[in-house]
1. Only one of A:PHE38, A:PHE74 is of a type in the set (Phe, Trp, Tyr) and open to solvent by 70 Å² or more (accessible area, probe 1.4 Å); which?
2. In region B:88-111, which residues are open to solvent by 20 Å² or more (accessible area, probe 1.4 Å), farther than 14 Å from A:GLU224 by Cα and within 12 Å of chain A (Cβ to nearest Cβ)?
3. Just checking, does region B:134-142 include any residue being more than 14 Å from every other protein chain (Cβ to nearest Cβ) and buried (at least 22 other Cβ atoms within 10 Å of the Cβ)?
4. Quick check on A:GLU324: is it in a helix (DSSP H, G or I), of a type in the set (D, E, K, R), open to solvent by 30 Å² or more (accessible area, probe 1.4 Å) and away from chain B (no Cβ under 14 Å)?
5. Out of all the residues in region A:125-152, which are of a type in the set (Asp, Glu) and within 14 Å of chain B (Cβ to nearest Cβ)?
6. Does any residue of region A:439-451 turn out to be over 25 Å from A:SER406 (Cβ atoms) and more than 14 Å from every other protein chain (Cβ to nearest Cβ)?
7. For region A:269-295, enumerate the residues that are open to solvent by 20 Å² or more (accessible area, probe 1.4 Å) and touching a Gly at 6+ places or on another chain (Cβ under 8 Å).
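The values are calculated or read from the model by the stated rules, or taken from the named source; none is laboratory data. The structure presented is a predicted model; accordingly, all values stated were derived computationally and were not measured. Note that each Cβ is placed from the backbone with ideal geometry, even for glycine, and that neighbours are counted across all protein chains shown. Note: accessible area is taken over every heavy atom of the protein model, side chains too, but ligands, DNA and RNA are not part of it. Shrake-Rupley method; radii C 1.70, N 1.55, O 1.52, S 1.80 Å.
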Amino acid sequence: MHKIFFISLLGFLVGIFFSSLFDFDIIFALFAIVLSFFVWLYTYLIKFHSDVNKKKILFVSLFIFSLSLGVLRFEISEINQGSDVLNNLINQNVALLGVVIDEPDERENNTKIVVKVNQFMNNQKQTPIESKVLVTVDHYPNWNYGDELLLTGIIKKPQNFSNDNGGRIFDYISYLSKDEIFYLMFYPQTEFVSSGKGNFIKEKLFTFKKAFLSNISEVIAEPEASLLGGLVVGAKQSLGEDLLDDFRKTGIIHIVVLSGYNVTIVAEAIMRFFSFLPRAFNISFGAISIILFAIMTGAGATIVRASIMALLVILARATGRVYEITLALFVAGFLMVFQNPKILVFDPSFQLSFMATLGLIYLAPVLEKYFQFVPTRFQIREFAMATLATQIFVLPLLLYKIGELSLVSLPVNLLILILIPLTMLAGFLAGIFGFVSTILSLPFAFIAYALLFYELKIVEIFASIPFASVSFHTFPLWLMISIYFIYGIFIYKLTKQKYGEKNI
Amino acid sequence: MEKKISKLNLFKKYSPFLLLFIFAVLNFFIWNIVLAHEKDFLTVAFLDVGQGDAIFIEAPNGNQLLIDGGSNKKVLRELGKIMPFYDRSIDMVLATHPDKDHIGGLVPVIKNFKIDYILESGAVGESSVFKEFVEVVKKEQSQNIFVKRGNKFFLDKDIYLEILFPDREVTDWNPNDASVITKLVYGEKSFLLTGDSPQKMEKYLISLGTENLKSSILKLGHHGSKTSTIESFLGFVDPEKVIISAGLDNKYGHPHQEVIDLVNKFNVPFLETYREGTIIFQTDGENLYLK
């Protein structure tokens with residue numbers, strides 16, 4: 001039974017994986033379905049010497065069938081290629097009416113907003129369309145989630161680009177298409193039409209978040225305030241290129257980039273931090289903070305996915321049922337990919353949080369016996385295990401995607417992560433008390449500042465070490481896949497040892 | 001149940017260490033505050049804000065003045081480096097003129113810091129940044145002043161900021177022409193800050209009188225653009241050092257070679273923010289130190 005489940009899951013994912021990389025079409029999927037049918041039929045026509053062989057052929061048939069379903073699912077997601085009206089107007093001046101459907105992403109020199117366009121305006125004539133445009137605008141005026149805007153400017157298609165001189169090409173088109181964004185506009189003339197066109201609850205949440213962040217910036221200096229904003233409410237604020245570079249070099253960029261991966265890491269840190277409390281409290285604290293964080297960030301698809309995975313880790317710890325939780329993790333992963341097949345290949349955040357979760361569930365407990373020399377004081381041993389486990393599991397992926405290996409990542413992560421929960425707590429209280437009075441929030445702000453100052457200092461010191469990071473110009477896909485394959489075998493063996501044959 | 005209790009005990013056991021840690025941190029901050037006030041220098045810092053101007057000034061008595069704020073939030077990070085962390089107020093802010101690379105960063109500064117006085121040229125800009133600037137100035141409970149030639153703002157007993165331009169109403173002027181030109185004076189040492197004033201304004205300034213142009217430090221007008229800095233102006237100012245506040249590889253090509261050649265002709269050393277980062281001067285009125 002488990003085998004059947006596993007094979008169909010694998011087939012489906014492989015189908016999605018290959019159709020993400022190569023250009024299949026629906027005919028191929030239909031062909032594969034027919035093929036699987038014939039393979040199945042084959043088992044009836046031929047007499048087998050043993051049942052084992054028959055079973056194997058049936059599995060092949062099942063695999064091909066689920067693979068074709070994967071291809072089919074991906075091809076269906078490809079049907080939406082934007083609006084025909086807009087596709088005919090690329091590089092032309094257009095007037096579009098639409099609503100800001102996500103929290104504006106404030107960068108150093110501009111702001112990026114996602115606008116869901118619903119009208120194309122042409123000489124007083126309105127044509128209803130439905131498509132998302134990523135618009136780059138000036139910092140001011142400040143637009144908000146739910147604002148209805150009239151945009152006049154040149155509409156463009158995104159282009160892939162290489163983000164370093166090494167020639168590593170970033171598939172920007174696919175990256176945007178996973179969110180069904182097919183168009184870009186740069187600094188269009190932007191006119192405010194109305195506000196309050198978004199989801200009421202989300203609007204209130206974002207308003208609260210904005211006020212919260214402004215409370216923080218009033219009492220805490222930069223860049224500490226921006227770092228805190230990212231940690232507590234997932235604020236997308238710029239820390240500046242130099243500092244971001246240092247974070248990258250020291251392998252702790254995940255705590256500032258709202259990647260979903262940080263949800264896993266931070267949730268784990270919170271659980272460790274509260275581990276002096278009775279277990280029921282500890283687990284509820286962990287779960288509540290994850291849910292709270294997801295809500296505060298605005299519950300975008302990325303964060304919701306990561307939060308579900310993080311909750312599974314907590315569940316694994318609470319119940320100790322590693323096998324069932326892994327199953328749940330794979331089912332959750334499957335459902336997420338089923339809902340949006342493009343995330344499997346084009347969403348680094350999904351991949352990273354999945355791998356980090358897997359590492360925490362499987363590798364962390366295994367590492368225990370090698371970590372006996374680490375003191376248990378302040379949960380240092382557990383932090384070390386969790387850090388190493390997640391690092392090992394995301395490393396091949398990071399090497400493939402970014403090509404940078406941080407040699408100081410382990411000590412930096414350990415030194416910083418251990419204080420992240422306390423930082424978040426102090427920062428959260430500073431922001432909340434800021435609603436009452438600035439004076440009241442000051443003591444918490446000072447504690448938060450001291451912790452943030454320390455964290456930034458660690459990053460700065462380690463980044464200044466020569467050879468803090470090594471970069472690879474190419475890290476081939478096959479190498480990454482083989483490494484994960486080896487991990488897979490390793491986990492399989494390990495689980496077998498631990499839980500015996502019957503479950504697998 | 002036993003395990004839970006032992007965990008709580010563990011926490012109790014280590015709480016003295018935690019307390020000790022907190023006190024150590026507090027101690028550090030308190031000494032930081034005490035030592036921060038023991039200085040008798042005027043500090044003038046040309047902040048590295050990329051392409052733009054931002055000059056932070058602190059008098060020995062602690063009075064602070066920020067002239068322009070660059071184009072974006074980078075100024076907040078630079079201020080974070082130079083100001084003590086608990087200091088969330090700046091006494092006075094001067095916006096030389098309503099261009100983005102001068103007031104863009106002032107918007108978050110005014111939002112996040114408590115400002116007592118906001119000085120402006122009076123020129124009105126058309127950009128969305130200027131509209132936002134007007135909004136945040138309106139919200140801030142500060143005294144707003146349109147400066148005029150002859151105004152002197154005393155930061156400390158012998159330290160003042162003198163306004164050299166504008167000498168009239170400049171409401172609908174071209175922003176660069178309307179730039180506030182100031183001279184910061186402490187004893188024998190002085191800093192001439194010209195915003196983005198073009199050549200014709202330098203000529204005009206000379207025609208108003210050359211006796212108070214002589215300065216120790218000159219911030220080159222308009223980020224070292226060739227539209228500023230005429231030979232005679234540089235001659236009358238006769239600076240010891242020249243500052244160029246610009247961003248690396250900026251799209252305007254600032255500073256222009258013509259201006260660099262002119263400065264070299266006068267044999268004046270120059271410092272660039274894009275090469276040095278933030279440039280900090282300290283002076284006691286007699287000596288000038290580069291930090």
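1. None of the others qualify; the one that does is A:PHE38.
2. B:SER89, B:LYS100, B:ASP101, B:LYS111, listed by residue number.
3. no
4. So A:GLU324 passes the test.
5. Correct list: A:ASP138 only.
6. The answer is yes, given that some residue of region A:439-451 is over 25 Å from A:SER406 (Cβ atoms) and more than 14 Å from every other protein chain (Cβ to nearest Cβ).
7. Across region A:269-295, the qualifying residues are A:PHE274, A:PHE293.
Quick grid of which residues meet (1) under 18 Å from the mean Cα position of the chain (by Cα); (2) within 14 Å of chain B (Cβ to nearest Cβ); (3) in contact (Cβ under 8 Å) with a residue 12 or more places away in the chain; (4) crowded, with 20+ Cβ neighbours inside 10 Å:
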| position | (1), (2), (3), (4) |
| --- | --- |
| A:ARG377 | no, yes, no, no |
| A:ALA384 | no, no, yes, yes |
| A:ILE392 | yes, no, yes, no |
| A:PRO396 | yes, no, yes, no |
| A:LEU405 | no, no, yes, no |
| A:PRO411 | no, no, yes, no |
| A:LEU414 | no, no, yes, no |
| A:LEU417 | no, no, yes, yes |
